[in-house]
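Bear in mind that the values in this text are calculations on the coordinates, not laboratory data. None of these values were measured; they are calculated from a predicted model. When we count neighbours, we look across all protein chains shown, and the Cβ atoms used for this are built from the backbone with ideal geometry, even at glycine.
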Amino acid sequence: MIDFRRQDIRKLETEFGIPLYVFDEAAFIHNYFKLETALRQYYPKYRVSYSFKTNYTPYMCSVVNRLGGYAEVVSGMEYDIAKRVGFAAEKIIFNGPNKGEDGVKALLDGCIVNVDNFDELDLVCRIVNEHPETKFEIGLRVNIDVGQTFISRFGMDTTELDRAFEIVDHVDNLEVVGLHCHISRCRGVDVWRERTRVMLELSDRYFSNRQPKYIDLGSGMFGEMDAELKAQFGVVPSYDDYAEATTKQMAEHYSRYTDHQKPVLFTEPGTTLINKYVDFIGRVDAIKSIKGKTFAILNCSEHNLGETCTLKKLPVKVVHSGPRSKYYKDVDLVGYTCLEQDVMYAEYSGYLAPGDYVQFGNVGGYSNVYKPPFIWPNCAMVVKKETGEYQVIKRKESYADILHTYAF
Ligand SMILES: Cc1ncc(COP(=O)(O)O)c(C=O)c1O
C-alpha cells in the first residue's frame, strides 16, 4: 500500500474527493517486469498478455502497451479500448465464450482469436470462406483436466479436438496455429506444472509435423501481496516458483528447436498484475453500536472494492483525521448501501473516529470495472505517477452518467 500521511490524504480529498482509487504506476511497472523477467529466465519467448476484464481502465492498459505487453480481451468493448490505447491488432488476443460479431471483426483485423466452441468454429469457417484470397489463423481454447474439482464450461473438450482439427483441415485458407487454456480457482504451482505438461502433450499430438505458433496457458497465478493478506492464503508461490513449473518445462521440451521454431508462450495475468497496485481510500462518516456490536459507516461500499473483500480481509490502514479517536474492538467497517452484507472489513480493532480515513489495499482487480450503479455512482481514480504527481484517470461519475440511458 502507498504510505499516505494525513496531509497527503487531505490534499487528495481537496483535489479529487474521497472516496478515491489510487493507481500506483511505478509499483505496477516494477511488478510487471518482475513477472516477465522471472518467466523469461528459462524461456525468452514468453509474453505477458494483460487480462483487460480484470481492470480495463484505459490508462493501465496503455501502460501495458508501452511496456510491450499484449492485450487479452473478451468483448467488443475491451477490443475497442485495446485499439484506442494503441495496441496493434497482432498484439490483441480475443478470447471469450461468446465473441459474436466483434470476434469476427477482430479475426478480419488480424487479431489472435482463440475459438471457444464448435458453433463459433462454424461461424469462423463461414467468414473465412467469404474471403478466399486471405489466409486466416486461429487458436483453439481447450478444456483440460488438471485435477480441478469442478467441470469448467470453457473451451472444447479434449475428446473433441480431432473433430475441430478436421473441420479446419477442410478449409483451405484456415489454419490452427495455437492452443489456449485457462483454469480458474487453481493457483498452485503443481496445477501450473500439470497444465503446462498437458498443453505440451496436446501440442505434440496436434502439431506433429510443425510447431504451434503459440501456447497460451491463461491465467491464475498469485501475485505479490502485503503480508497480512498473504498469511490468509497459506502457501503463496513466487514468480520464480511458477517459472520453474512452466517456462523451464517449455524450455526443456523445445530445447532441440531453434528460437524461430519455438512457440511463443503467453500467460494472461489480470489480478497478478494489478491487484496490489490500486489502493482505495474511504472515510468514516458515522460510528454506532447496536446490541453490543459496533459498526463504522463509510462513504463507500464493498462494491467499490470488489469480491476479494468478501473472501478475505484486505490490507487496511486507518489514517486519523484528528486527535478525537477512541479505541474500538471488533468494529465492522460497513458501506453506504442498504445491504446487510455490505461489510468491507469485519471485526477491525483499533482507534477510530468519524472523519478518519480508511485505506484498503489490493483492490486493483474486479473493483471499479465491477461496481454496479447501485445507490451511488462511482468515485474518481487517480494515478500516482512515477514522478509522484497525481492525475485523474477516471473522473467521478455524476448522476447524469448513470441515468442518461433511462427514459424519463
Ligand atoms: C481467459 C482468462 N484469462 C485471464 C484471466 C485473468 O485471471 P486472473 O485474474 O486470475 O489473473 C481470466 C479470469 O477469469 C480469464 O477468464
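Give or take rounding to whole Å, what are the principal axis extents of the alpha carbon atoms in the chain, in descending order?
Result for the chain: principal-axis Cα extents of 74, 52, 44 Å.
With the convex hull built on the Cα atoms of the stretch 214-286, state its orientation-averaged projected area in nm².
Averaged projected hull area, Cα only: 6.9 nm².
Sum up the charges of everything whose Cβ sits under 11 Å from the Cβ of LEU352, counting Lys and Arg as +1 and Asp and Glu as -1, but leave LEU352 out.
With Lys, Arg at +1 and Asp, Glu at -1, the neighbours total +2.
Given the DSSP H assignment, sum -39500 (n - 2.57) over each helix run of at least 4 residues in the chain and divide by its residue total; what's the result at 222 nm in deg cm²/dmol, nearest 500?
Here the helix-only value at 222 nm equals -9000 deg cm²/dmol.
If the chain between TYR328 and GLU160 were fully stretched, how many nm would it gain, using 0.36 nm times the residue separation less the Cα-Cα distance?
Result for the pair: 54.6 nm of gain on full extension.
Could you size up the charge dipole of the stretch 25-275 around its Cα centre, putting +1 on the beta carbon of Lys and Arg and -1 on that of Asp and Glu, and report it in debye to the nearest 20?
Here the size comes out at about 640 debye.
Rounded, prolate or oblate, given the Cα gyration tensor of the stretch 1-118, with a/c below 1.5 counting as rounded?
Judged from the Cα gyration tensor, the stretch 1-118 comes out oblate (a/c at least 1.5, b/c at or above a/b).
Which lysines, on any chain, are close to LYS135 with Cα under 16 Å apart, when same-chain ones fewer than 8 places away are left out?
LYS105, LYS213
Where does the charge balance sit around ASN117 when Lys and Arg score +1, Asp and Glu -1, over other residues with C-beta under 11 Å from its C-beta?
That sum, taken over residues with Cβ under 11 Å, equals -3.
Could you list which residues have their amide H under 5 Å from that of ILE183, counting only those 5 or more apart in sequence or on another chain, with H placed in the peptide plane?
The list, which skips near neighbours in sequence, is SER219.
Hey, how much of the P(r) for the stretch 112-213 falls beyond 18 Å, as a percent of Cα pairs?
Counting every Cα pair in the stretch 112-213, those more than 18 Å apart make up 48 percent.
Between their Cα atoms, which of LYS34/LYS99; LYS34/LYS396; LYS53/LYS396; LYS291/LYS313 are more than 22 Å away from each other?
Checking Cα-Cα distances, LYS34/LYS99; LYS34/LYS396; LYS291/LYS313 exceed 22 Å.
Note the full-extension length gain between GLN261 and GLN41 as 0.36 nm times their separation in residues minus their Cα-Cα distance, in nm to one decimal.
77.4 nm
Counting Lys and Arg as +1 and Asp and Glu as -1, what is the net charge of the other residues whose Cβ lies under 12 Å from the Cβ of ASP279?
My count for the surroundings of ASP279 gives -1.
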